[in-house]
Structure formats: structure tokens, C-alpha cells
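The values are calculated or read from the model by the stated rules, or taken from the named source; none is laboratory data. Note that the coordinates shown come from a computational prediction; the quantities given were computed from them, not determined experimentally. Note that we place each Cβ from the backbone using ideal geometry, even for glycine, and neighbour counts take in every protein chain shown. Heavy atoms of the whole protein, side chains included, go into the accessibility calculation; ligands, DNA and RNA do not. Shrake-Rupley method; radii C 1.70, N 1.55, O 1.52, S 1.80 Å.
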Amino acid sequence: MEELRALLDQIGVSNEEKNSCVEALQQEVKLVCTRHVTNQRARKQNLVEHVESLSAKIAECQRRLGQAAETTVINQTLSQEVATRTEELRMLQEKEAGRRQMLNDKLAQLDEVCLSLGYDKNQQDVDRENLSTENLKQVDEKIFALSKEKAQKLEQSKAVAREIVSLWTVLGMSRSECTQQEEQIWMLSDRLPVTEQGMQGLVDMKQALVAEKLQRETTLREHTGRIAALWDRLKVQDAERSLFFSKTNGIGRSAIIACEQELNRLEALKGAMLKQLVLEVREKILVIWEELHFSEDERKQTFGDFFIEAELATDQLLDSHEEFLKALEAKQLSLRPVLKLIGRRDEIVAQKDEQDRQRADSTRLLSRNENRDPGRLLREEKIRNMIEKELPKVTEKLLAAIGQWEQTSGETLTYDGKVLKEVLESDIATEKQRKEAEKARKEKEKQAKKAAEVGGGVVSEPHGSGTPGAAAKKFKAAASLVVALTPNKNTEKAARSSLTRPQSALPSGTSCASTERPSTAPPRRKSNTTDMAAPGAPVRSILSAIPVPTAPANFVTLQKVQSPVPKSPLERSFTSPCVSVTDSQ
């Protein structure tokens, strides 16, 4: 400005013009400076905005990467800040790109697993924009969980596939007949379905094969059961049966066809043998009828088909016979306890009848030969006691068993056409009446004997005097019985002579009075005519068991007289009184 003033002074410009030029120059300088300042200010603002933009981008990258955003602080010139932040943004963008690629790869893997499992990928709880390490870790965990679930479901599918292959093998299905999907099952491929729908399809296929297997097993079981029954009915040899089973294995269609063919063959053979088969079943029915004691009327009423001519045999007739045989066998089985008791009762009744028959023979105990059986009386007594004890018990058990069976079966048990319970009750009533009559008879005999002893010492038969020949036989039987039970020969002769010697031959001092002196011997056991003692019993007990008839004219009557002193070993051991005789008129 001073130079301009100096130049203007040299030129000789007036002060006014000089001031005007200086002012103009000042204005122009001011305008240029102002323009330059404005431009630089705008430049600075642009740099500030650029720094802020870079900072924002850096913050966004840091946010996506999961890093904490930094506060924008300018510690350098704007140009330096722009350069620094530009480099920082570049590095963050490269890192973000790597993370993005990593996340995309993981998401692709996750989507594949979800697709294989049949899940919607958009329904997975995954942030597809978050590039932080935590988000990547969560994605990895999700992939691992879904992969584990897929592996488990694949193993389940393979297990079902193994069962399907096993069923195919059992059912005789060929692999060459399988479709492409079924081929994957045969191979147990890793491409087996693991979705819910696909796995359910495998389960449905297995269940269908199981149902087919059960149906075939049922069909074969029915066929083989009918075949076995026909084999037994037609008496087919074991070798032929083994040959058939050796050719027929498994449950394939070939096995079913073979069984059907064998059934048709056996049915045709059965049709030709119907008469023989019906007769064989009838034989078995007859055996059971005999065991159960069916009467003729009961047989006709219960199974009338039995009496149809065998020449008119049909399949229906044979079936009715077999059904009746099964029912009859079941009844026979249920009656086993009753039949056992009936058999036991029949044995006891047979023993009773045999004993009654033997006891009807009065000479069975009078045998004097070398084969004489001294223990017969004791055995008979044991048998009689057993019969009297066991027969009522067995009958009572039998009635209880019959009642229980009738209550269970709802039927009335018959035996030879009669109601068995009523028969047994009638037998019990008859036996009771017999015992009462026997008791009354014995009581009557006892009263008659007492009256005879009180009247004069002569005992007469309660059923009449009888003939002399009959009386002699009874005295002879009494003497033989005494001899049979007397072990000493001398005593035997004495006993026999004491029953036959005349009155004049009695020893002196013996009394013929009708009364007896008091005896120190034990009282005599009272018994009936059938209660015989065993060998070795007291003679007086044996004699008291024999009814003494009215003696004929040429015989003497037995009268008991107390012996003052026993004279023989037999008398000392038994302390039995001697016997005296008087003429009987």
C-alpha cells in the first residue's frame, strides 16, 4: 500500500484519486481474502463431514462385528484424521467381509440341516446380519444341535430299515423286486429320510410288513394245525410228515401254497376214508361212555348221531363226532376225582361182599388139616373194622365231590341211568336200617339169653329149638373151635372130652347147680356171634360168642361152674372156669 501511494505520488495523482485507488485496492484485497477464507472454511467443513462419515461407517462396522463403538475425537489435523479413519474403515470392512463369508457358510450349513430335517430355516432363532463372534458361536451351536438330532433320527431310520429288511427276508421278498426307495432301505443308506413324515413312512411300512407276517403266520398255523389233525386222523407216517416240513420252510408265499396243496390232498383222502374215521371216533366215545357208565338211553339222548349208519358218513357227521368227543373228554377230565372215589368205594364194597360170602361158610374155621390158617379170624376182624371205618368216609367224600361237580357244571351226575347222589343216599339209608335191625336182633338175643340163664341155666336158641341133628352139629362146631384155639394137646383132649363126657363122668366135687360162685376172674367180654377172637384168646370168650341151641335128648347142656383152682397152664393163663354137664331132658 505504501508502495502504491509512493507510485501515485510520483505520478502526481491527486490525493482524492490516490485515496480512491487505495480504497479500491483495499476492497479488492478484502474480497480476495474473504473468498479464500470462505473456500478454506468450506474445505474444512468437508473434511469434518468426511471424518464424521468415516466415523459413522466405522461405528456401523464395529456394531456388526460386535465391537464397542468409539467416540469420535479429533486429535490430528483433518487431513490426517481422514487418512487414519479411512485406513481404519478399510480394515474393518475387510474383517466384516471375512465374517460375512463365514456367517454365510454357517447359515448355508444350517439351512441344509434344517431342510433335511424338514424344518423351516426362517423359524430358526438366528440373527443373519450379526457378524459378532457370539452370533457365530450361537450359529455353530445350532448347527451342532440340529446335526446331532439328524444323526439320531438317521439311526432310528436305519433301525426301522433293518427291521424292514429282516421282515422282507422272512417274508421271502427278493431285492431285485425293490424300487429305488426300497433299495436305499436295503443299503441302509445315509440318505434315508429323517423328517417326521419320512420316518413315519418307514414306520408305516414296517407295521404293514408286521401285519403281513402275522397274517401269514396265522394262516400257516391254521393250515399246519389242520394238516396235523388230518395226519393224525389219517395215520400218515412220520417220514412223510418230516419230508413235507423239510420242503416247506419259512412263511413265504411258497410255504402257504405248499400247505394249501397238502390240505387239498388230505381233504380228498379224508373224503375216501370217512366211514373208517367215524368208526374210530365212535370207539373212543364208547370207551369214555363205559368209564362214565352212560346208560343206553343217555347215550341216545346226548348224542343221537352216534347211531347213524356209518355208511352214510359225511364231513358234518365226522365233525359232530369229533366235537362231541372233545366235550366228552373234557367231562371225563372234570370227573377224574369223582371216578377215583367211585373206584375206591367199589373196592371197599367188593371186599365187604367177599367177606360176607366167606362168613356165610360156617366151616371155614373148622379145618383140621395141615393148611389150617390160625390168623384168619384176626384178618377178618381187621378187614371188617376197615370197612366199617373207611366206607362211610369214602361215601361222604364222594357225595361232596358229586355236589361240587354238579354245582360247577350245572348238570346232574348219573351212573348207569340213575342219579348217583340219590343211589348213594339210598344205600346209606339202607345200611342204617340194616344196622338198626341187627342191633335190635342182638338185643333180643341178649334178653332171651339172660332170661334162659335166670330160668334154669339152659340156654336155648333164640330162633327155635331146632332139630337134634342141627344141635349136634353146633356142639361139634363149638368143640372144634375150642380145639383150634388150644395150643396144648393135653388141654385139647380135656376140652374135647369135657364137652362130650356124660354127667356121671364128671369129677367129684363139681356142682351142677344153675348158679355160680363169685369168681375172681376178669369179667367176660361181651360179643356177638360174628365177633370171633384170634387164636390164643380165652376159651370162655370164644364159647360165649357161640349161641348154644337147645340140646337133644342124647346130649348134655353146658353149665359154667367156678373152678376152685386152675389145673392146667391154659386154665391158669386164661383163668377160665371148668365146664360141667347135666342131662338135658
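Just name the residue that is surrounded by the most Cβ atoms within 10 Å (Cβ to Cβ) out of those in the range 210-222 that are touching a residue at least 24 places away in the same chain (Cβ under 8 Å) and among the acidic types (Asp, Glu). Residue satisfying both the conditions and the ranking: GLU212. When the residues of the range 6-58 are filtered to those that are among the acidic types (Asp, Glu), surrounded by 10 or more Cβ atoms within 10 Å (Cβ to Cβ) and without any contact (Cβ under 8 Å) to a residue 12 or more places away in the chain, which remaining residue is nearest to LEU89 (Cα to Cα)? Out of the qualifying residues, it is GLU49. Quick one: what pairs do we get from the range 374-398, first residue free of Cβ contacts under 8 Å to residues at least 60 places away in the same chain and at positive phi, second open to solvent by less than 20 Å² (accessible area, probe 1.4 Å) and in a helix (DSSP H, G or I), C-beta under 8 Å, 6+ apart or different chains? As it stands, the answer is none, since no pair meets every condition given.
Scanning the range 267-286 for residues that are under 16 Å from ARG226 (Cα atoms) and free of Cβ contacts under 8 Å to residues at least 40 places away in the same chain turns up GLU267, ALA268, LEU269. For the range 260-292, which positions are open to solvent by 60 Å² or more (accessible area, probe 1.4 Å) and either aliphatic (A, V, I, L, M) or within 18 Å of GLU329 (Cβ to Cβ) (or both)? Result: ALA268, LEU269, ALA272, LEU279, GLU283, LYS284, LEU286, VAL287, GLU290, GLU291.
The listed residues are GLU112, GLU87, GLU129, GLU96, and the only one of them that is open to solvent by 70 Å² or more (accessible area, probe 1.4 Å), of a type in the set (Asp, Glu) and over 22 Å from ALA145 (Cα atoms) turns out to be GLU87. Taking the range 224-235 as the range and being among the β-branched types (Val, Ile, Thr) and open to solvent by 20 Å² or more (accessible area, probe 1.4 Å) as the test, only THR224 passes.
Just a yes or no: is a residue in the range 64-76 in contact with a Cys (Cβ under 6 Å, 6 or more places away or on another chain), of a type outside the set (Ser, Thr, Tyr), surrounded by 13 or more Cβ atoms within 10 Å (Cβ to Cβ) and closer than 30 Å to GLU129 by Cβ? Scanning the range 64-76 turns up no residue that is in contact with a Cys (Cβ under 6 Å, 6 or more places away or on another chain), of a type outside the set (Ser, Thr, Tyr), surrounded by 13 or more Cβ atoms within 10 Å (Cβ to Cβ) and closer than 30 Å to GLU129 by Cβ.
Checking the stated criteria, GLU134 turns out to be in contact (Cβ under 8 Å) with a residue 40 or more places away in the chain, of a type outside the set (Val, Ile, Thr), part of a helix (DSSP H, G or I) and surrounded by fewer than 16 Cβ atoms within 10 Å (Cβ to Cβ). For the range 440-457, state whether one or more residues are part of a loop (DSSP other than H, G, I, E, B), surrounded by 12 or more Cβ atoms within 10 Å (Cβ to Cβ) and at pLDDT below 65. Checked against the condition, which is being part of a loop (DSSP other than H, G, I, E, B), surrounded by 12 or more Cβ atoms within 10 Å (Cβ to Cβ) and at pLDDT below 65, the range 440-457 yields at least one hit.
Could you list, in sequence order, the residues of the range 374-388 that are charged (D, E, K, R) and exposed (fewer than 15 other Cβ atoms within 10 Å of the Cβ)? Of everything in the range 374-388, those that are charged (D, E, K, R) and exposed (fewer than 15 other Cβ atoms within 10 Å of the Cβ) turn out to be ARG379, LYS382, GLU388. Within the range 389-432, the residues that satisfy the criterion of being in contact with an Asp or Glu (Cβ under 7 Å, 6 or more places away or on another chain) and surrounded by 13 or more Cβ atoms within 10 Å (Cβ to Cβ) are LEU413, THR414. Against the list (1) loosely packed, with under 15 Cβ neighbours inside 10 Å; (2) more than 39 Å from the chain's Cα centre (by Cα), the condition PRO193 fails is (1). Inside the range 248-259, residues that are surrounded by 18 or more Cβ atoms within 10 Å (Cβ to Cβ) and either within 20 Å of LEU328 (Cβ to Cβ) or of a type in the set (Ser, Thr, Tyr) (or both) make up a count of 1. Scanning the range 297-326 for residues that are open to solvent by less than 40 Å² (accessible area, probe 1.4 Å), assigned to a helix (DSSP H, G or I) and under 14 Å from GLY271 (Cβ atoms) gives LEU317, LEU318. Counting only residues that are under 35 Å from the mean Cα position of the chain (by Cα) and closer than 22 Å to LEU209 by Cβ, the range 230-256 holds 8 of them. Could you please let me know if ALA145 is closer than 30 Å to MET102 by Cα, under 44 Å from the mean Cα position of the chain (by Cα) and without any contact (Cβ under 8 Å) to a residue 40 or more places away in the chain? So ALA145 fails the test.
Scanning the range 223-259 for residues that are touching a residue at least 24 places away in the same chain (Cβ under 8 Å) and more than 26 Å from LYS326 (Cα to Cα) yields GLY250, ILE251, GLY252, ARG253, SER254, ALA255, ILE256.
Answer yes or no as to whether SER176 is in a helix (DSSP H, G or I), farther than 16 Å from GLN200 by Cβ and either of a type in the set (S, T, N, Q) or open to solvent by 30 Å² or more (accessible area, probe 1.4 Å) (or both). Yes; evaluated as a whole, the condition is true for this residue.
Matching residues to (1) assigned to a loop (DSSP other than H, G, I, E, B); (2) more than 29 Å from GLN109 (Cβ to Cβ); (3) charged (D, E, K, R); (4) open to solvent by 50 Å² or more (accessible area, probe 1.4 Å):
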residue	(1), (2), (3), (4)
LYS153	no, no, yes, no
GLN181	no, no, no, yes
GLY198	no, no, no, no
ALA208	no, yes, no, yes
